[in-house]
Structure formats: C-alpha cells, structure tokens
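Structure, as structure tokens:
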Amino acid sequence: MANYHTDKNMVYNNLHQNRYSIDNLIGQPSQIGYNHQCPCPVKHYDPQTNVHFVSKGNHRHRRVPPPLISNLTSINSRTPSKRGSPSSDPDEEDFQNLTTAATRYATSRFPFQPFIVRFDTEQVNLNQFKESIVNHFKSSHQAEVEILNCRTSKVKCNNNDIDFLLYLKNSTSFALLYDKLNWPLTIAGKEFTFPSWPSIPPQLSVIIKNVNINIEFEEFSNEVKALVHDVINVVRMKNKFGNDIHLVKLELSSTSTRQDLLNAKKLIVNYISYDVIEFLSPATVLICSKCSGIGHFRKQCTEQHETCKTCAQAFADPVCKHCSGNHLSNSAKCPVIKSFRAELTRMILNTDHQLHQSSSSSAKNNNHNYAYNLLNFPPLPAPQALNNSVMMKLDELMTKITDVKDHLAILSSKHDKFEQFMIDKTQQDELVKQQMDLLQKNDHELKKDLV
C-alpha cells in the first residue's frame, strides 16, 4: 500500500486573514478597516450561476472541479461531488466518490493482526508450518483455517530463533486460533512459543450504548460475561481527553455470538435493556498533499497548482513573506532568516564574551586593590553563658539515652539467641520424631516376627 505523507512544513501567518474583501459579492465597498489582505484569495460559490470563483480585488475566476480519474473505480458512490462551497451546509454537502485508492489506503494489507510463532531452530520452512496448522485444525477441530499469507522474520529474534507471521483471511479462522488451547503442542515436530499475542479486531467486537458512567463497572462486566459466555474483555470506551463515555466495547471469541448480539440489537443486564450496535474503528482518510482533495494520491492529482491548506486556494508557487522568494516563509534556506540567525548568533556570542571579560577584569582589579581592615567588618556578638542546670539536665538525658541504647542492644542479643534456640529446638524435635517413627516401625516388625 502506498504511503501518504502530509507536508507538515507549510505554515502560514493567519494574523491578518480574518477579513476579506467582498466587493464583488455585495456590490459595495467593505467597511472593515484592515489595510492588510491575505495573499491567498478567498473562494466563494454562486448557487444561481453554479460558478466557483475567488475574490481578490474585483476579479472572478472560475473554479472548475477536477475531473474524476478514469482508472479509479467508484464504490457505492453518490452524485458527483463538488469542490468548494465553504458556505454550504455541512449536512447537505456532497462527499467525493469513494474510490478504490481511498478504500485501499483506509485498510491495511491484511485485515487481522498476525499470529507470531517463534521457533528456536531454522529447520522449519513455510510450507511445513502452514500444512501443520491446517492439518491439525482439520483433524482435531474439524475446522478449515483459511490462511491469507505467511512469512518469516528475524527482526526481534536472537541467535537461531525465527518468527513465523501467520495472517488469516476471515474472522472465523482468527477466532479459532485465538484460543491457545486449540493450538497443537508441536508444529512440524518442533516446539514453539508465542512472543506476543494479537489484539481482538473490530470484526469480533460490538458496542453497548447508553451505559451509565456511575455504575459499578466491575459488577457490570461480570454480569455481561455471565450472560454472554464468549466475551473475553469488557472495555469502557473513552473520549480524546481520556474521560469515560457511555459506550462499552465487548470483545468476543466467536463470530456466531457476535452476529446473534447484532441480530438481537438488545442486551438486558441487571434488568436494564441496552442497545447493541456494530463496532466500527475509524478509517484513515486519503487526502491529496497537492490539492487537499479526498480520495486520490498526489501523483493522480489533476490540479495544475498547489492548494493552500489554510484558505483552500490554488497558487502556482509559494511566496516567502520575508524575501518574496520561491520557498515557504519558515524555510531555513530563506536569506533573511539566514542573516537574522547569523546576526543573532554573533550577538549572543559577543555578549557572553564581554560578560566573561568584564567579570575577569573586575576580579583581577579587586584582587590587586584588596586590603584587609578589621574595621570594615562588624563585631561578633558576645557568647551567651549557658545555665549550669540546663547543661546538667542535658548530660543526664544523654546518659539515659545511652542506657536505653545499651538495654536495647541486650534485648536484641537475647532475641537473636532465643530465635536460634527455637530453630535448634525445632530441628531437635524433628530428629526425635524421626527416631520415634523408626522405633514404632521396628516395634511393628518385631510383633510381626513374633506372630
């Protein structure tokens, strides 16, 4: 799948882009007292003439929507989309056709995360691995495992270890292999381990709506697991701020159980009926890095010029704000930015050097001109005489503390000796018990001999 990277280096100063000239829309001069206009013209749409135009000065330019690319097959497409019309109602806006490129970009190459199986030897090949998996589940579980792809990797392996990445085709096969008890003990006669375990995909999940945030969630989870035995995890969903919301996701281990829940559309937990809907993870949208259009890549774009990502207007080449050069305004190759950086660096270095020189010269001058004079220092306060009674009490307190310390040391020594005595006594009791058992055994044998 092709990689798509958005150019995040385009930064525009939108300080003076809040007011635009609309002379050609209302037929009279604008009353806004801004002298600076945005270098990017403003796009408008006339519903009567069905014309997209831009207002920069008093000129109108037709904005014809780019034609659909012939080699892009539309999927479940509605009426052809219209680019522009920022003033139209978002609820009534027509979306662009869902192309094959957009669909492929939104989905990964494989629908499920791989099962990673690690061997400590490289004697197992891909064919042996796949045949062992398929034959085991066919013979032991009477189930057909559909493998989409399988490959090896040594990225996170040590020494002779090797990882096998097993990609499955459908959710039934994934649910079957998700239970570790279903796996064989050995594969191709070799032991294996699982360095990691895949997460449950959306194809095996459902959403419970309108779950109160203040309920006891652990009790709710246990009740759900008691009602639906194939539930593996009950997850409280969160918003972008990390706060709990009224949605709960159920991760299941069975496709049939998931379908039953979706067909029932309800789940009664603690005498409360909750709606059950399908869990759909957000898809990644394909956005062109040239025209900001939806559903095609840059190399498939039919626009002639770049499109500003702030005001959505086309421009032939970027114009620098500082030097009017053919580069972005925040580009490091701008000569104005280069000279400013050089001057700033020179000023900082000179300031540090001057401060160092001034501090060194002042220190030298102070050392040469220094002369000690006792009169320049204030006299120290006279020492205060301590009361003899206080000193005696402190001495007595120190003596008592020393005695307590000696007593604690003696107690600690006695405690250690007592612990050692108890240990010895336990060992001696064990020996006595063993001897008594031996005597009883001998006595029993002696009775047997006499009989």
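Return the residue satisfying two criteria in turn: it lies in the stretch 260-285 and is in a strand (DSSP E or B) and in contact with a helix residue (DSSP H, G or I) (Cβ under 7 Å, 6 or more places away or on another chain), and of such residues it is nearest to Phe220 (Cα to Cα). Once the filter is applied, the top-ranked residue is Val269. With respect to being surrounded by 12 or more Cβ atoms within 10 Å (Cβ to Cβ) and either over 23 Å from Ile232 (Cβ atoms) or acidic (Asp, Glu) (or both), Val145 falls outside the description.
So that you can scan it fast, the table gives a plain yes or no per residue for (1) surrounded by 15 or more Cβ atoms within 10 Å (Cβ to Cβ); (2) of a type in the set (Asp, Glu); (3) at positive phi:
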{"site": "Ala188", "(1), (2), (3)": "yes, no, yes"}
{"site": "Pro195", "(1), (2), (3)": "no, no, no"}
{"site": "Ile208", "(1), (2), (3)": "yes, no, no"}
{"site": "Ser221", "(1), (2), (3)": "yes, no, no"}
{"site": "Val228", "(1), (2), (3)": "yes, no, no"}
{"site": "Arg236", "(1), (2), (3)": "yes, no, no"}
{"site": "Gly242", "(1), (2), (3)": "no, no, yes"}
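With the requirement that a residue be touching a residue at least 24 places away in the same chain (Cβ under 8 Å) and of a type in the set (A, V, I, L, M), what does the stretch 164-204 give you? Scanning the stretch 164-204 gives Leu165, Leu166, Leu168, Ala175, Leu176, Leu177, Ile187, Ala188, Ile200, Leu204. The single condition from (1) surrounded by 15 or more Cβ atoms within 10 Å (Cβ to Cβ); (2) within 29 Å of Ala106 (Cβ to Cβ) that Ser329 fails is (2). Number of residues in the stretch 311-354 that are of a type in the set (A, V, I, L, M, F, W, C) and assigned to a loop (DSSP other than H, G, I, E, B) equals 9. Specify the residue that is farthest from the chain's Cα centre (by Cα); the eligible residues are those in the stretch 97-134 that are in contact (Cβ under 8 Å) with a residue 60 or more places away in the chain, in a helix (DSSP H, G or I) and not assigned by TED's automatic domain parsing to the domain that holds Tyr167. That would be Ala101. Just wondering, is there one or more residues in the stretch 256-264 that are exposed (fewer than 12 other Cβ atoms within 10 Å of the Cβ), aliphatic (A, V, I, L, M), free of Cβ contacts under 8 Å to residues at least 40 places away in the same chain and farther than 20 Å from Asp179 by Cα? Checked against the condition, which is being exposed (fewer than 12 other Cβ atoms within 10 Å of the Cβ), aliphatic (A, V, I, L, M), free of Cβ contacts under 8 Å to residues at least 40 places away in the same chain and farther than 20 Å from Asp179 by Cα, the stretch 256-264 yields at least one hit.
A search for C-beta distances below 8 Å between a residue of the stretch 135-160 that is under 19 Å from Asn125 (Cβ atoms) and any residue that is of a type in the set (Phe, Trp, Tyr) and loosely packed, with under 15 Cβ neighbours inside 10 Å, counting only pairs 6+ apart in sequence or on different chains, returns Leu148/Phe110; Asn149/Phe110. Evaluate the following for Gly325: is it within 22 Å of Thr103 (Cβ to Cβ) and outside the structural domain of Ile207 (by TED's automatic domain parsing)? No: the conditions fail for Gly325. Restricting attention to the stretch 286-310 and to residues that are in contact with a Lys or Arg (Cβ under 8 Å, 6 or more places away or on another chain) and outside any loop (DSSP other than H, G, I, E, B), the residue that is nearest to Thr103 (Cα to Cα) turns out to be Arg298. With respect to Ser140, determine if the residue is at pLDDT below 75 and either surrounded by 12 or more Cβ atoms within 10 Å (Cβ to Cβ) or not acidic (Asp, Glu) (or both). So Ser140 does not fit the description; no.
Please indicate, with yes or no, whether at least one residue in the stretch 356-365 is over 59 Å from the mean Cα position of the chain (by Cα) and either at pLDDT below 90 or surrounded by fewer than 10 Cβ atoms within 10 Å (Cβ to Cβ) (or both). Yes: the stretch 356-365 contains one or more residues that are over 59 Å from the mean Cα position of the chain (by Cα) and either at pLDDT below 90 or surrounded by fewer than 10 Cβ atoms within 10 Å (Cβ to Cβ) (or both). Only one of the listed residues (Leu177, Leu165, Leu185, Leu181) is out of contact with any helix residue (DSSP H, G or I) (no Cβ under 7 Å at 6 or more places or on another chain), in a loop (DSSP other than H, G, I, E, B) and at pLDDT 90 or above. That residue is Leu185.
The values are calculated or read from the model by the stated rules, or taken from the named source; none is laboratory data. Note that the coordinates shown come from a computational prediction; the quantities given were computed from them, not determined experimentally. With ideal geometry, Cβ positions are generated from the backbone for all residues, glycine too; neighbour counts draw on all protein chains shown.
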